Each structure stands twice: as structure tokens, then as C-alpha cells.
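The values are calculated or read from the model by the stated rules, or taken from the named source; none is laboratory data. These numbers come from a predicted model, not from an experiment. Ideal geometry is used to build each Cβ from the backbone, glycine not excepted, and the neighbour counts take in all protein chains shown.
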Amino acid sequence: MGDLVRLAIITSQLSDGYLADARNIAVPTPWGDAPITVGKLGRHTVAGQMRYGPRRQTASHQINFRANLWALRELGVERIVSQNAIGSVNPMLQPGDIVISDDFIDLTKNRPLTLYDTDASWVRVDMTEPFCPEMRRALVAATRQVVGRAQDGGTFICVEGPRFETPAEIRMYATLGADIIGTPLVPEVVLAREAGICFASIAPIINYGSGLAPAVIQSGDGSMTDFYYRGNLHTNVERAISLALDALPDARSCGCADALKGALNGPMPNWATRPPTGLPTDA
Ligand SMILES: [Zn+2]
């Protein structure tokens, strides 16, 4: 078994040099290989996963979610920070604000729902507290340290995409209680729970939802991507992630690791009972 990697960041893009001594590896899983960048972040070794692929070539609805998540578990990951640059549904939340969600609504349509659907076993995990409370506290504190304020709590509505929403959809989602909207959070958060991995999201708002602004633009001048990467927002989010991961005690005190207790129907599949393989020794 190679060295274990305990921490991971799932994101769309990591700044050059954010992970020191970074190297790219491919981790085999029952659902195919997943590319991961491993490097040092302060005193920690961290796995960086670019969910849209290294060249942003994969749309949210095409991501191999199960391979990506299980690859992190194979490395030994116990905690995942998900970076989600998202839109606002609640007009009180504006571009530039940073939300640490405490709940979500799943409106995806065509994605894997679980890791456990290929064997004579299935799971029904508790979602009373969907995000790891210990990691949420660390992210809220770190974000406040970096930018002075953070939205502690909020409901993330996850939709299929890849298109943007209509104004009527945004109005409906607001009536459902959603605060922010994005496309990749589900099933990442669900699969992490099934794997016993802590998961929390740090979500910078980079655009208003449709109907709350004249238009929503993906790329180019005046776009949400420009807003995120040209200013300090992306850098500040990465600084907050660094501080939060550094502040977490090495041992977990939450209940995330025990998520499968009382949730499993049938025997554990063989692939799920194997210990993590850790880093490839030849990489
Ligand atoms: Zn946890």
C-alpha cells in the first residue's frame, strides 16, 4: 500500500502552484480510471480533482462521478472540500458573496444515484445533516478570516444543466427555499457520504440566476468566469480552503465515517471492503 492522502479538493480549476510539487496520477476504480493531481498544501498532502477534467472538457452531466469519488477513497481521503462557483437564487446573496451551504435539494435527472447498485446490496444513507459540520465550521471561520464575512448556511439546489435556468425556474426554486444554484454538487455529496468521507462545499457566487439580471454569460468579457478568475474571488476561496484544511484536527470528531452503519441492505460488496490503496508507489 502506498502513502495515504487524507484531504481532497474537488474544483473546476486550481491556481498554478497552489499545490506544491504537484504530479498527475490516474487512479483505477470499478468505474474506470480517474485523473487526480497530488501535491503539498502547507503541511498536508492533498488530492486535487478537476471535476470538469484537466482541460475543462467535461460538462457536469457527463462527469464520471463514481470513478472520481471512489478514486479519492482509494487514496485514503477522509475529507473533501468542494469548490462550487455558483449562481444566486436568493437576491439577498450577491456575486462576490461566499456561501457555506448546510442543505441541498437534488433536481438532477440523469445521474448515478449511488455507489451500491451493481451488487446484491444497496444503501439508504441518512441526510439529516448533508454536509460535515466540522468542515463547515472550519470553512466559515476561514472565509471570515480571509474576506471578513461568510454566509453560514444556505440551501444549494443542484440541477442537471448544462444549460442555464429559465427565469420561471429560478422563481420556482426560490419558492422551494433554494438560495444558490449549481450543477455538479449532486451526486458528489451523496457518494462521499456513502464512502464515509466528510464533505463540505465552499460556494462563491459568480452570477445572479436568470431573471435576476439582464443575462447570464458563461465565458468572455463580462462573464461569470471573468468575474471569478480576474478579480480576487478565486484566490480568496483558495486561501480560505488552505486555512480551513490547516485548522482541522487530524482526527475526525464528526459522524461522517459511520454513515453506512444502519444504512446497508445486504452484504458489503468486495470492492467496498478493501482498504485504500494509497498513492501509486511508482508515481
Ligand atoms: Zn465529517
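Residues in region 158-196 that are hydrophobic (A, V, I, L, M, F, W, C), closer than 21 Å to ALA67 by Cβ and in contact with a strand residue (DSSP E or B) (Cβ under 6 Å, 6 or more places away or on another chain): CYS158, LEU185, VAL186, VAL189, ALA192. Residue count for region 49-94 satisfying the condition of being aliphatic (A, V, I, L, M) and closer than 24 Å to TYR229 by Cα: 10. Across region 161-213, the number of residues qualifying as assigned to a loop (DSSP other than H, G, I, E, B) and away from the ligand (no atom under 16 Å from the Cβ) comes to 17. Please verify whether ARG111 is among the basic types (Lys, Arg), surrounded by 15 or more Cβ atoms within 10 Å (Cβ to Cβ), within 16 Å of the ligand (Cβ to nearest atom) and under 18 Å from the mean Cα position of the chain (by Cα), treating the condition exactly as stated. The answer is no for ARG111. Listed by first and then second residue, the pairs with beta-carbon distance under 6 Å, at least 6 apart or on different chains, first residue in region 255-271 and closer than 18 Å to ARG136 by Cβ and in a loop (DSSP other than H, G, I, E, B), second small (Gly, Ala, Ser) and within 16 Å of the ligand (Cβ to nearest atom), are ALA259/GLY196.
In region 131-160, of all residues being in a loop (DSSP other than H, G, I, E, B), more than 16 Å from the ligand (Cβ to nearest atom) and at negative phi, the one that is surrounded by the fewest Cβ atoms within 10 Å (Cβ to Cβ) corresponds to ARG149. Taken as a whole, the structure places ALA251 among residues that are modelled with pLDDT of 85 or more, part of a loop (DSSP other than H, G, I, E, B) and within 16 Å of the ligand (Cβ to nearest atom). Looking across region 36-55, just one residue is in contact with a Ser or Thr (Cβ under 6 Å, 6 or more places away or on another chain) and small (Gly, Ala, Ser), and that is GLY48.
Let's see how each residue does on (1) surrounded by 13 or more Cβ atoms within 10 Å (Cβ to Cβ); (2) part of a strand (DSSP E or B):
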| residue | (1), (2) |
| --- | --- |
| ARG23 | no, yes |
| THR29 | yes, no |
| VAL38 | yes, yes |
| GLN49 | yes, yes |
| TYR52 | yes, no |
| THR58 | yes, no |
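The number of residues in region 14-30 being under 17 Å from the mean Cα position of the chain (by Cα) and within 19 Å of ALA67 (Cα to Cα) comes to 0. Exactly one residue out of GLN145, GLN94 is in contact (Cβ under 8 Å) with a residue 24 or more places away in the chain and closer than 23 Å to LEU176 by Cα: that is GLN94.
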